[in-house]
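Coordinate-derived values only; no laboratory data. The structure presented is a predicted model; accordingly, all values stated were derived computationally and were not measured. Glycine gets a Cβ as well: all are built from the backbone with ideal geometry, and neighbour counts include every protein chain shown.
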Ligand SMILES: [Zn+2]
């Protein structure tokens, strides 16, 4: 009886392990995710109008309800050049790109806000539409984008100062009056009725002087150091957060618990880091410089990959400080990551300035794109309190694929990175493509280029030091022993029970005989 029972067990076990070895290997769900028709929503051969941006964002949300949602966070003053009245309040449309777009996951996922303020800086809304188009379409084919969209919440408000944008020409170069173009004139502020007479008045078109408030000087961080001349191009407004668009963005940033903010400007080709209001270093200066450097290394100038954006504080890079700015408020008041980007062109006021010719748009968008992806990747870095900023780990992305010995991607495998000096560990699970991404900026302790790390998944272990690859390093782990799936555990438990029953039965039979 004993031999019979053991025989049955051996046969069953053989079947189980045989079936395990011939089970289909994990497939790329990308194949299932690819939609039959992916649409191009924006071609960077023109500047989009307010109406085009509004329509396109809604079309994207309608086509991709699995990863997109569009909503308004507030309204502008509503200046209408056609009627000469404040009768056209424009919605501040914001698109959310994330898995589960209808669920607020900002407490568990890094959330990012990208926006823009200055009316004449036309390349920025164009870039945001370019970025949105890439994120939505490449979600189905690009593992990095897929990861970012699944793990983070990305919010983009391409045209918060729509009143000013329409005054400046609404993206149509034919609407630019000779006084504004070329090379670098144009409207900058919003359209507040500063003197309250019911109409909006411009006094100097080239210098952007007249009524209106500079939305990039209206935030409550050293606001009082700003320009209090209501006629000036950088007038900071009657009080902090006096402007509806600034109030709307502030409320949004607070209520959605934004972890990283980026406000776009042009021109100069530079990544700007705090402080914006002063020529002093901010507490997290080494963190900011490290990742701004890595962003800059991913940029190009006029399509030339050997040339890069500059980076640093505004006073270092563009020659002046900017009190009352959005990034200083996000960083100073909330202790979250806040930066600004001055897009191309480079140079002085003799070049293309604020309204580059349309044949430059595609190049300028592409020149910044990879740097923006890196910014999204590091968005899950949590800043330590300013008093502990010297121990802030720098951002550094480790990414790759985990595969079995046959080279098939393994999903749900835990990948861990351990600082072998102090034992600090971070980990994540691979996605359905075997892809993983980890940011050393989320470690508890600072590290430097001589610190040894160990990355492991299943049975595979590799050593590395973070000293190469522009703030990122690809490490694939192949040959990982598959973890035992829960259904096999269940079968083994059942088998164990069967063995126990058969032994018990055999013993009873022995007792009888
Ligand atoms: Zn600007």
**Study point:** C-alpha long axis of helix 285-297 to longest principal axis of the chain, angle in °
**Key:** 90
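Determine the relative contact order of region 393-478: mean sequence separation of Cα pairs under 8 Å and six or more apart, normalised by residue count, in whole percent.
Details: 203 pairs, mean separation 33.6, N = 86.
Answer for region 393-478 is 39 percent.
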Practice item. Could you work out the mean projected area of the convex hull around the alpha carbons of the chain, in square nanometres to one decimal? Key: 29.6
Review point. Can you give me the Cα centroid spacing of region 342-401 and region 71-102 in angstrom?
Key: 26
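Give the value in nm², to one decimal: projected area of the alpha carbon convex hull of region 347-492, averaged over all directions.
14.1
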Review point. How many nm separate the modelled label positions at residue 85 and residue 172, each set 7 Å beyond the Cα in the direction of the Cβ?
Key: 2.3
Practice item. Could you state the angle between the C-alpha long axis of helix 244-255 and the longest principal axis of the C-alpha atoms of the chain, as a value from 0 to 90 degrees rounded to the nearest 10? Key: 20
Review point. Dividing the alpha-carbon radius of gyration of region 264-387 by 2.2 N^0.38 Å (N being the number of residues), what value is obtained?
Key: 1.05
Review point. Considering only DSSP beta bridges with both partners in region 78-167, what is the antiparallel share in %, to the nearest 5?
Key: 45
Revision key, fill the gap. Quick shape summary for region 300-361, equivalent ellipsoid via Cα gyration tensor, semi-axes whole Å in descending order, reads 26, 13, 12
Point to revise | Dmax and Rg, reported as Rg then Dmax, of region 117-165 (C-alpha, Å) | key: 13.0, 38
**Study point:** DSSP beta bridge pairing in the chain, given as percent antiparallel to the nearest 5
**Key:** 60
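What shape does region 120-252 have by the C-alpha gyration tensor, where a ≥ b ≥ c are the square roots of the eigenvalues, rounded means a/c under 1.5, and otherwise prolate means a/b greater than b/c and oblate the rest? Working shown, then result.
Working: a/c = 2.88, a/b = 1.57, b/c = 1.83.
Oblate is the answer for region 120-252, as a/c is 1.5 or above yet b/c matches or exceeds a/b.
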**Study point:** Alpha-carbon Rg with Dmax, taken over region 393-478, Å
**Key:** 12.3, 37
Check your understanding: By how many degrees, 0 to 90 and rounded to 10, does the Cα axis of helix 2-22 deviate from the longest principal axis of the chain?
Key -> 30
Study note, to complete from the structure: Asserting the computed 222 nm helical MRE of the chain (DSSP H runs at least 4 long, -39500 (n - 2.57) per run, divided by residue count, to nearest 500) equals -9500 deg cm²/dmol
**Study point:** Relative contact order %, the chain, counting alpha carbon pairs below 8 Å whose residues are six or more apart
**Key:** 14
